[in-house]
Amino acid sequence: MPPVFPMLTVLSMFYYMCLRRRARTATRGEMNSRRAIESNTRALPINVEIVQYAKEVLDFSSHYGSENSMSYTMWNLAGIPNVYPSSGDFTQTAVFRTYGTWWDHCPSARLPFRRTPTTFCSQDYVELAFEEPVYPTAVHILETYHPGAVVRILACSANPYSQNPPAEVRWEVLWSEAPTKVHGPQARQFTPCIKQINFPTNLIRLEVNSSLLDYYTELDAVVLHGVKERPVLSLKTAMIDMNDIDEDEDEEKYGCGMDPLNKQFSIVALREWPTNGYFDKLPYELIQLILSHLTVPDLCRLAQTCKLLYQHCCDPLQYIHLSLQPYWARINDTSLEHLQSRCTLIQWLNLSWTGNRGAISVSGFSRFLKVCGSELVRLELSCGHFLNETCLEVITETCPNLQELNLSSCDKIPPQAFNHIAKVGSLKRLILYRTKVEQTALLSILNFCSELQHLSLGSCVMIEDYDLIASMMGAKCKKLRSLDLWRCKNITESGIAELAAGCQLLEELDLGWCPTLQSSTGCFTNLARKLPNLQKLFLTANRSVCDTDIEELAANCAHLQQLDILGTRMVSPASLRKLLESCKDLSLLDVSFCSQIDNRVVLELNANFPNVFIKKSFTQ
């Protein structure tokens, strides 16, 4: 006798599973509003939208401006627009430090980490606090010059103005997209379609990638639209999504919670499989080579398939180079603890952007390095605000082979802590951009780290006498190849003379926005004559650069590839022609705001030297 009720079909079972999952994750408000969604006949309560500009800039990775000024700094993103809807280069906007791919083609360029997910392309970030926590309905970004750099927008569950720190900090991606080329530098209001989230936020993070831009992007303001009460999903939004079937995939794509990644790191239970497939037939080294192309989360997933692949995926040889920066929002003490046994042979480690808001503790970081630091050669800690003096002491004690240390924008490290770096005599690269390093500590570092080849001191405002620093470099750092003195406020021709005399291997020198250097003293002529290997020279915003300096570069620096003389009034088209004719490798020439170089001259030079990118910025 046939059953009274027909059997459930596969399709009905599919819908049953989806609805069950939807019911599990729904909040009480969603359940109470279910009838209104289904019938679509009852009026929903009015939820007034709140529109607010950023109240404060909390954190950022870099900016073009000075630490003691507002011009071109990230702090300009707070408050109402200063420039929009005007287009052009304005000092009242927020500007990041780099653009294009020029920084990837100079002597100081660093090798990329393998295994970086293709979906992670962020180069810089800025975090903004708003007055009222809201459920976001829209984010407007007012871009006033060379738009198109924003690649990701995130929201945080933590309220920066709350007196009680949350037990867990959660980040959700509201929107993300690969870098795209925007034709034209004109201003625009960028309003991407954002994802709805299930918590209110007043902390928004923008991540940018400027690699496709022809010049610096400039941001004027960010507007957050949202409602105080969690919005009821529309009928369209409530439709069943195929992504709901795979919770792990959903977490990977949108979620930045810490639990899923930590669960993958800590998997120890394996399914019982009768065989390992055909992998038993392959040489161990070949399997290792194949797995070397997987990202870290993919390795963790693969480790759950069989014992053989578990052994391969946990082999320390797979973790010689490890970048955790793409997973910055999900890395904490537990993550580092789970990774310890796999990272005993690690040589390159990238923890940039990780650990903030209590995610990584000093003790957790120290425990990890004591187990995994003995073979470390390269350590990236950019924007690691958990770092303190104890951390630097642990680095110097547990990493005897360290050659590269990046502390860029670690502005919470106290000045006295930098003295510990002098103990690492093997250092070849040191990045101290936007740190509080003081003169005494830096002199000690230069004295004991004579192997230094690359040194970044950009925007280090607590150094009192850069001439003394330059003199020590000339005496001790004979192998120096690149030096960043961006916005150094007090170096003079005396310091430049000692630097040029002692560091004749220099290939890259950034003296942008150094107001105490004057061409009339012969400092730039001296540089050109003493440093024939120069490939990159930035003299940004030095109005005294003149034809004599350009002609000396043309005569002595045949390998010059990048030159920035933005803002000079003393350079003529004739001297630029000599430079372009002599320096066959020149690829970048920034003549923005050079009063003698008008658009007609730029067009003529572009026509005669098509392989050189000649930049002429404007304000209107």
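The values are calculated or read from the model by the stated rules, or taken from the named source; none is laboratory data. Note that the structure is predicted; figures quoted are calculated from it, not measured. Please note: Cβ atoms are built from the backbone with ideal geometry, for glycine as well, and neighbour counts cover all protein chains shown. To get the accessible areas, we keep the full protein, side chains included, count just its heavy atoms, and leave off ligands, DNA and RNA. Shrake-Rupley method; radii C 1.70, N 1.55, O 1.52, S 1.80 Å.
Some observations on this one:
Residues are listed down the side, and each one gets a yes or a no for (1) among the polar types (S, T, N, Q); (2) under 25 Å from THR98 (Cβ atoms); (3) buried (at least 20 other Cβ atoms within 10 Å of the Cβ):
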{"site": "GLY364", "(1), (2), (3)": "no, no, no"}
{"site": "PHE368", "(1), (2), (3)": "no, no, yes"}
{"site": "LEU379", "(1), (2), (3)": "no, yes, yes"}
{"site": "CYS391", "(1), (2), (3)": "no, no, yes"}
{"site": "THR440", "(1), (2), (3)": "yes, no, no"}
{"site": "GLU451", "(1), (2), (3)": "no, no, no"}
{"site": "SER456", "(1), (2), (3)": "yes, yes, yes"}
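- Flag for GLN311 being open to solvent by 10 Å² or more (accessible area, probe 1.4 Å) and modelled with pLDDT under 95: yes
- Residue tally, condition under 21 Å from the mean Cα position of the chain (by Cα) and in contact (Cβ under 8 Å) with a residue 60 or more places away in the chain, over segment 459-481: 1
- Where strands (runs of 3 or more DSSP E) fall entirely within segment 463-544, those with at least 3 residues that are within 22 Å of THR435 (Cα to Cα) are at 482-484, 508-510.
- Counted residues, segment 545-581 - those being closer than 24 Å to CYS503 by Cα and small (Gly, Ala, Ser): 3
- Long-range neighbours under 6 Å by Cβ, at least six apart or interchain, first residue within 23 Å of LEU77 (Cα to Cα) within segment 217-239, second in a loop (DSSP other than H, G, I, E, B) and at pLDDT below 95: VAL227/ASN47
- Subset of segment 418-438 [of a type in the set (Gly, Ala, Ser) and open to solvent by 20 Å² or more (accessible area, probe 1.4 Å)]: GLY425, SER426
- Segment 134-154 residues that are at positive phi, paired with ones that are part of a strand (DSSP E or B) (beta carbon under 9 Å, 6 or more apart): HIS146/GLU218; GLY148/ARG188; GLY148/PHE190
- Test: residue in segment 347-356 that is touching a Cys at 6+ places or on another chain (Cβ under 7 Å) and either in contact (Cβ under 8 Å) with a residue 60 or more places away in the chain or not basic (Lys, Arg) (or both): yes
- Residue under evaluation ARG230, criteria (1) part of a loop (DSSP other than H, G, I, E, B); (2) modelled with pLDDT of 95 or more; (3) within 20 Å of VAL169 (Cβ to Cβ); (4) touching a strand residue (DSSP E or B) at 6+ places or on another chain (Cβ under 6 Å), criterion not met: (2)
- Residue in segment 582-604 that is open to solvent by 10 Å² or more (accessible area, probe 1.4 Å), outside the structural domain of ASP89 (by the TED database), among the small types (Gly, Ala, Ser) and at pLDDT below 95 present: yes
- Looking across segment 342-362, the residues that are among the hydroxyl-bearing types (Ser, Thr, Tyr) and more than 20 Å from PRO166 (Cα to Cα) come down to THR344, SER352.
- Residue in segment 479-496 that is closer than 19 Å to TRP348 by Cα, buried (at least 20 other Cβ atoms within 10 Å of the Cβ), touching a Ser or Thr at 6+ places or on another chain (Cβ under 6 Å) and not assigned by the TED database to the domain that holds LEU566 present: no
- Taken together, the criteria exclude ASN608 from residues that are surrounded by fewer than 17 Cβ atoms within 10 Å (Cβ to Cβ), in contact with a His (Cβ under 7 Å, 6 or more places away or on another chain) and not basic (Lys, Arg).
- Qualifying residue in segment 543-552 (condition: surrounded by 23 or more Cβ atoms within 10 Å (Cβ to Cβ), out of contact with any helix residue (DSSP H, G or I) (no Cβ under 7 Å at 6 or more places or on another chain) and in contact (Cβ under 8 Å) with a residue 24 or more places away in the chain): no
- When residues of segment 50-72 are limited to those that are surrounded by fewer than 17 Cβ atoms within 10 Å (Cβ to Cβ), of a type outside the set (D, E, K, R) and in a loop (DSSP other than H, G, I, E, B), the one nearest to the chain's Cα centre (by Cα): SER66
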